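Some notes on the structure that comes next.
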Amino acid sequence: MNALKKSIFAISLAAATAAPIAGCVSTTNAGVVGANRKQLLLISSDEMMRLSNQTYTETIAEAQAKGKLDINYAQVQRLRKIAHRMIPQTVVLRPDATRWDWTVHTIADNQINAYVMPGGKIVFYTGIIDRLKLTDAEIAAIMGHEMAHALREHARERASRGIATSGVISIAAAAMGLSDFQTQMVGLAGEIGLNLPHSRTQEAEADKIGLELMARAGYNPNAAVVLWQKMQASGDGKVPQFLSTHPSDAKRIKNLQALVPTVQPLYQAAPKY
């Protein structure tokens, strides 16, 4: 076994053994979609919240200074109405989430983007609504997906994983006497072999939880399939899936279609507004 292969083996071994050493818990209940995978969390929730709040405050302040914050009142109210239906559903997966300081803002920008930061800070860029001509149910699909990232504390998990991986690479490089080039190659192998698949796991998880949230809120889960068909149609050159943090659109659509029957009873039982 050469030095590079030995180092990659060391990374894999350390990643597998790091979980028992640190907090390995699930941040949510399973729900009907079964989202209760154990997570490696090396960073405290409070620290992650502090960092994300700082970023959020800066983002909102910058958008406001540029005159891009919440400029379309009707659009903001539309998003807040959808959020008002979605937020109570989080109690099934994470009871404390209904007590978060949920906020909803839009930023006037043509990019197709939206996110929910830790603690419930919802931000939609107007491009994703306008360019994809989203229905309320399709907005709910995006919002549910991004809410799921916050509920599962995926940012905290990614940061923890990064700390674990970088520490292992440093130890392996020193122990094996690797050159700078070899160390870089080991880092790339760790990124492709550990962190990127992990991010894809998070994305698939967010798809599942988001589907459950929107169904519970009374939004037709089939809209999530239509949403990603729109996303697929809007995209151009794609990064190969094994180098992407997101599942391919085709695979995502197939997975969502398979999961719709699981959450359909929740949609049928939900109040219709």
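Give the accessible area for Ile128 in Å² (nearest 10); use a 1.4 Å probe, count only protein heavy atoms, and leave out ligands, DNA and RNA.
For Ile128, solvent-accessible area is about 10 Å².
Filter the cross-link list Lys38/Lys230; Lys66/Lys121; Lys38/Lys208; Lys208/Lys254 down to pairs whose alpha-carbon distance in this structure exceeds 22 Å.
Beyond 22 Å between Cα atoms: Lys38/Lys230.
If each of Glu62 and Ala269 carries a label point 7 Å out from its Cα toward its Cβ, how far apart are those two points in nm?
Reported label-point gap for Glu62 and Ala269 is 4.4 nm.
Any idea of Tyr125's accessible area? Nearest 10 Å², probe 1.4 Å.
Taking all protein chains as shown, Tyr125 has close to 30 Å².
I'd like the accessible area for Lys251, computed on protein heavy atoms only with a 1.4 Å probe and all protein chains in place. Round to 10 Å², please.
100 Å²
Could I have the simple spin-label model distance between Gln229 and Thr135, label points 7 Å from Cα toward Cβ, reported in nm to one decimal?
Once both label points are built, they end up 1.0 nm from each other.
At Thr55 and Asp96, where each label point lies 7 Å from the Cα along Cα→Cβ, what is the point-to-point distance in nanometres?
Taking the simple label geometry, Thr55 and Asp96 are separated by 2.0 nm.
Using a 1.4 angstrom probe with every protein chain in place, what is the largest-first accessible-area order of His149, His84, His154?
Solvent-accessible surface, decreasing: His84, His149, His154.
I need the P(r) histogram for region 69-142: all alpha carbon pairs, bin width 5 Å from 0 out to the longest distance, whole percents.
3, 16, 27, 27, 14, 9, 3, 0
The values are calculated or read from the model by the stated rules, or taken from the named source; none is laboratory data. Computed from a prediction, not measured in an experiment: that's the story for all the values here. Because the Cβ atoms are built from the backbone with ideal geometry, glycine has one as well, and the counts that use them run over all protein chains shown. Surface accessibility is based on the protein's heavy atoms, side chains included, excluding ligands, DNA and RNA. Shrake-Rupley method; radii C 1.70, N 1.55, O 1.52, S 1.80 Å.
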